[in-house]
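A quick write-up on the structure given underneath.
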Amino acid sequence: MTELLNKRAVALRYEQNAAAPRIVAKGSGYTAETIIERAKEYQVPIAIEPELVELLVQLDLNQLIPPQLYAAVAEVLAWAYQVDGKTAEEIRAAREKA
């Protein structure tokens, strides 16, 4: 039970032409568990980066990632694209079709 209550999660979205990724969900405990379950349901790669999550949960919902966190978030996004087997060009092309 204590492990669940200490769990934290953050969901990011990076939209084409956006200045930076944005916080679209965040929470701890049951909320974090729900965020993780939704990610699994939609086959969104899940990175376990506790130090980064601790910084990101301090931001407001819909807030853009601050420049100080660009490098760390870029590493996670690059990893997610790699896990998904997609290149940046393929992702851009898919967004343009949508």
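Simple spin-label estimate for Ile36 and Tyr70 gives 3.2 nm between the two label positions (7 Å along the Cα-to-Cβ direction from each Cα). Whole-percent P(r), the range 1-88, all Cα pairs, 10 Å bins from 0: 16, 52, 29, 3, 0.
A short reminder: the numbers here are calculations on the coordinates, not readings from a lab. Bear in mind that the values here come from a model prediction, so they are computed numbers and not experimental data. Because the Cβ atoms are built from the backbone with ideal geometry, glycine has one as well, and the counts that use them run over all protein chains shown.
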